[in-house]
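One structure below.
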Amino acid sequence: MNKFKRKIRRFMLGRKWKHLDTLHPDFRIERIQDGHRIFWKGSNFGELSSVKSLEKKYSGCCFIVATGPSLADIDIALIKNYDTISLNGAIKKFSMAGFAPTHVIAVDRRIFERFPDFISGSIESGATCFFSPVGVSRICE
């Protein structure tokens with residue numbers, strides 16, 4: 001999408017929704033009762049559950065694992081028996097430890113563009129994945 005079209009789209013979406021101007025033009029997301037329906041090139045690609053589907057499903061301790069240099073010194077196998085959330089690229093640390101997180105949150109578009117193996121690993125791990133609309137658009141591409 002050229003620069004002029006992006007400006008027009010941003011104006012039409014308003015400043016509140018400008019983060020969606022990087023969606024692929026063949027990607028569309030539609031709200032449904034229990035989540036969202038994804039369309040790619042006009043065809044139904046799949047459905048996403050609402051975050052509300054997790055309401056009151058979990059209780060107790062939960063560990064959030066993010067990326068960073070200090071993660072190299074931590075043995076995350078110690079949290080294997082707890083609910084865990086992997087942020088962006090931390091899924092790599094889980095796979096190295098031999099277990100999957102309970103949930104994966106990936107919102108940084110660069111993860112989808114530069115490290116598609118992290119995303120496929122997240123999906124294949126069986127974790128509940130939470131991806132941004134831009135990320136889902138990149139998966140469709």
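The values are calculated or read from the model by the stated rules, or taken from the named source; none is laboratory data. Given the structure is predicted, the values throughout are model-derived calculations rather than measurements. With ideal geometry, Cβ positions are generated from the backbone for all residues, glycine too; neighbour counts draw on all protein chains shown. These area figures cover heavy atoms from the full protein model, side chains too; ligands, DNA and RNA do not enter into them. Shrake-Rupley method; radii C 1.70, N 1.55, O 1.52, S 1.80 Å.
Of note:
- Proximal charge balance of E141 [Cβ under 15 Å; K/R count +1, D/E count -1]: +4
- Additional length obtainable on full extension of the chain from Q33 to L54, 0.36 nm per residue less Cα span: 6.1 nm
- Kirkwood-Stokes translational diffusion coefficient of region 63-130, alpha-carbon pairs, 25 °C, 0.890 mPa s, µm²/s: 209
- Accessible surface for the chain, divided over its residues, is 69 Å² per residue with a 1.4 Å probe.
- Local electrostatic count, I29, Cβ distance below 11 Å [Lys/Arg +1, Asp/Glu -1]: +1
- For the chain: lysine pairs under 24 Å (alpha-carbon distance), excluding those fewer than 8 apart on one chain: 15
- The chain, accessible surface, carbon-and-sulfur percent (1.4 angstrom probe): 54
- Residue with peak Gaussian network fluctuation, the chain [Cα springs, cutoff 10 Å], from L54, L87, L23: L54
- Most tightly packed first, judged by the mean number of other beta-carbon atoms within 10 Å of their residues, the peptides 133-140, 28-35 read 133-140, 28-35.
- Dipole axis of the chain (+1 Lys, Arg; -1 Asp, Glu on Cβ), positive-most option in I29, F130, S95: I29
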